[in-house]
Structures are given as structure tokens and as C-alpha cells.
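Just so it is clear, none of the values below were taken in a lab; they were calculated from the coordinates. All values reported here derive from a predicted model rather than from experimental measurement. Note that each Cβ is placed from the backbone with ideal geometry, even for glycine, and that neighbours are counted across all protein chains shown.
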Amino acid sequence: MKIINCTGSQPRRQKKIQTPTLIFRAEISYEEIHILTSRGVVMKGFHAIRRLLIELPAARVPGALLYFPLVDKIGSPLYLYVSKSRFKWFGKYDPPRINE
């Protein structure tokens, strides 16, 4: 693909950027949260929560605390425990019904 440059210099070739695609089973998303960063990196679980917190202005300080050394050694198992127990503690929604 050629791009015409209005400044009169030689036309350049545009680099094609491929967008990463996520394909995963629905039941996996019930176990851990998954996010896709702007750089195409897939993060899940504790690391995804930590990244989300650092991006939110109101949660930036608690999110920054999660980046201290050895916090992920405690945070990852704690996240998995809460993630696996949340349906037992809070219940699970039924899938929405569509009236036909």
C-alpha cells in the first residue's frame, strides 16, 4: 500500500498492524479475569487486577503497592482463592432469558 505524502517527498510504505485475537473457552473466563493490553499482551488473574488498579486514578496508590517485591507470591494464591470461592459466597446469576 502506498501513501501519498503532501510535502512532496517520496511516498512511503505503510506498516500493517495486526490486532491480536483472543480465543478462549467461556468457562476459563469464569475462573480468572483476562485483559488485553494496548501492546497485545494478555494478562490474567492477579496480574490483570494489578494492572487495572494502576491504570485507575482513584486506585493508583493501592495498585502501586501491589508492585512491591514478593507481593505477587501472596497476591496470586489469594486471588485464586477469592476467584474460586466468589460464586459460593455471592451466588451466580442465571443466564438472561429472551422472551420470544
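Quick notes
- Ranked Arg60, Arg51, criterion: other C-beta atoms within 10 Å, fewest first: Arg60, Arg51
- Contour excess over end-to-end distance, with Cα ends at Arg86 and Asp72 and 0.36 nm allotted per residue: 3.0 nm
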